[in-house]
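The block underneath contains the structure these notes are about, expressed in structure tokens.
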Amino acid sequence: SSKLEVPEALTFDDVLLRPKESRVEPDDADLTTQVSTNVEVSVPILSAAMDTVTESDMAVAMARHGGLGVLHRNMTIDEMVEEIGRVKSADELIIPFDSVVTADPEMSVREVDDQMAREGVGGAPVVNTNGEVLGIISSTDIRPHLEVNEDDPVTEAMTDEVITASEDIDPRAAFDLMYEHKIERVPVVDDENLLVGLVTMQGILQRREYEEAVRDEDGRLRCGVAVSPFEADRAEAADEAGADILFIDTAHAHNKNVIEGAREIASTVQADVVVGNVGTREAAAELVDFADGIKVGIGPGSICTTRVVSGAGMPQITAVAQVADVANEHDVPVIADGGIRYSGDAIKAIAAGADAVMLGSYFAGTDEAPGRVVTMNGKKYKQYRGMGSVGAMKSGDSDRYLKEEPEDDEYVPEGVEAATPYKGSLQSELHQLAGGMQSGMGYVGAGTISAFKERSEFVRVSSAGQAESHAHDVVITDEAPNYSPD
Ligand code: RVP
């Protein structure tokens with residue numbers, strides 16, 4: 001019967017990249033890619049929208065190091081708006097008015113000093129009730145000069161010849177201005193000398209540290225956020241809060257209701273809209289006319305039990321290749337989500353046709369992931385759980401896997417709650433991941449992601465070949481930073 005004519009589907013361990021003639025040195029391989037129609041990243045890597053992976057700390061670190069974090073949605077809309085704000089303002093050149101610590105001219109030197117210590121700032125513009133800048137005070141104006149009495153008004157101690165900047169100042173000009181005048185901060189004022197914000201030397205130096213950072217047109221870090229297709233108000237709030245990409249976050253996006261909701265959201269928001277997850281050509285064909293990106297993955301995740309529980313799924317290399325067949329033709333970026341254990345898996349996903357990859361377990365053990373480090377049997381771990389696990393479903397208002405809150409014993413989870421080895425800083429994990437991907441590009445002889453997608457070819461690997469790929473017939477004596485056998 002035709003039911004027994006079954007097509008084959010492949011995953012990471014079934015294939016390897018065929019080595020090809022090359023002139024590309026891995027260090028020179030350029031990982032720049034498009035994750036959605038309007039968002040480019042320096043490294044093709046996203047952190048998963050999971051409550052044990054991506055909150056603002058992770059999203060800030062991902063964007064600073066060239067990737068993108070996608071905030072999870074197991075939080076209220078208000079919390080989400082705050083989290084987006086934290087990412088967008090993390091490296092802002094001009095600290096906006098509401099966030100600037102200012103001093104009132106009526107305050108005494110002591111009061112201002114106390115306030116600056118409390119707020120953790122080294123200086124403050126002195127501003128009258130109209131918002132006019134009268135001067136600027138810094139802790140160095142106060143302490144060394146004993147002639148200033150603690151009870152004197154701040155106006156005695158402040159510098160009243162204030163160097164200010166206008167709103168269109170760029171980082172270079174701000175740096176030069178502060179350097180020239182040997183000052184640490186410059187109030188930004190409008191035409192009427194009313195305070196609109198503050199630029200600090202510390203802020204500028206911090207920005208310079210992150211050359212690869214992924215920023216929007218205003219120089220703010222980029223950030224993605226997961227939203228439900230059935231929660232238009234969350235999508236609207238995320239868009240207004242400045243999220244760059246909304247990720248329509250479902251376990252099965254090839255569903256008429258999901259597509260209707262996603263299409264509606266895409267037609268109303270400014271942000272790009274990436275839709276997922278899917279794993280077939282037919283699903284991709286339903287999305288290409290409105291989605292700014294398509295996310296692929298039905299069941300490959302490390303904590304995901306969808307395939308075992310539901311009997312449905314698609315091995316990830318085949319899923320990515322099928323979706324990319326359709327999406328690449330329409331110039332819609334593809335993101336391979338889930339199942340990536342090694343840098344080699346990540347670059348294989350790109351070879352299959354993805355433009356970027358999303359990882360959960362790889363990052364869940366880093367400092368930037370939410371949650372505490374716990375010790376079990378003398379080893380350090382961090383919690384990592386599926387968003388379709390009982391724990392995650394109970395703690396949030398996630399409807400990724402279900403639409404109504406059931407009784408405790410009525411959950412049918414599609415994920416597990418687990419722990420993953422503690423790994424230290426995200427930066428070194430990203431460095432290993434990106435470095436391994438560049439090595440893959442070197443073996444194939446492609447200097448850019450798009451050239452690599454064109455040029456790469458797979459060979460099929462047997463289980464004997466698979467065993468040969470791993471460290472074998474030896475006892476590992478020292479841990480490698482990018483390899484641990486399963
Ligand atoms: P991994 O990197 O293999 O840990 O996979 C992470 C991905 O797994 C997520 O980006 C998401 O698509 C998927 N996921 C998250 N929760 C669950 C679940 O509970 N089934 N699956």
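The values are calculated or read from the model by the stated rules, or taken from the named source; none is laboratory data. Since the model is a prediction, treat every value here as computed from it, not as a measurement. Neighbour counts are summed over all protein chains in view; Cβ atoms, including those assigned to glycine, are modelled from backbone coordinates with ideal geometry.
Data for the structure
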{"quantity": "Breaking point among (1) on the phi < 0 side of the Ramachandran plot; (2) among the small types (Gly, Ala, Ser); (3) touching a Leu at 6+ places or on another chain (Cβ under 7 Å), for residue 131", "calculated": "(1)"}
{"quantity": "Residue 339 part of a loop (DSSP other than H, G, I, E, B) and either within 13 Å of the ligand (Cβ to nearest atom) or under 30 Å from residue 443 (Cβ atoms) (or both)", "calculated": "yes"}
{"quantity": "Some residue of the stretch 248-255 being surrounded by fewer than 24 Cβ atoms within 10 Å (Cβ to Cβ), without any contact (Cβ under 8 Å) to a residue 60 or more places away in the chain and assigned to a helix (DSSP H, G or I)", "calculated": "no"}
{"quantity": "The lone exception for residue 200 - which of (1) among the hydroxyl-bearing types (Ser, Thr, Tyr); (2) under 17 Å from residue 99 (Cα atoms); (3) exposed (fewer than 13 other Cβ atoms within 10 Å of the Cβ) it fails", "calculated": "(3)"}
{"quantity": "Evaluation of residue 323 against (1) more than 15 Å from the ligand (Cβ to nearest atom); (2) buried (at least 24 other Cβ atoms within 10 Å of the Cβ) (one fails), failing number", "calculated": "(1)"}
{"quantity": "Only listed residue being closer than 30 Å to residue 314 by Cβ and basic (Lys, Arg), chosen from 88, 20", "calculated": "20"}
{"quantity": "Selection count where residues are under 17 Å from residue 158 (Cβ atoms) and in a strand (DSSP E or B), scope the stretch 178-199", "calculated": "6"}
{"quantity": "Single residue of the stretch 285-320 satisfying the filter (more than 20 Å from residue 12 (Cα to Cα) and assigned to a helix (DSSP H, G or I)) that is farthest from the ligand (Cβ to nearest atom)", "calculated": "285"}
{"quantity": "Filtered residues of the stretch 358-393 (kept if charged (D, E, K, R) and at pLDDT 90 or above)", "calculated": "367, 368, 379, 380, 382, 385"}
{"quantity": "Scope the stretch 31-82; condition among the small types (Gly, Ala, Ser), within 16 Å of the ligand (Cβ to nearest atom) and either in a helix (DSSP H, G or I) or under 25 Å from residue 374 (Cα atoms) (or both); matching residues", "calculated": "47, 48, 49, 59, 69"}
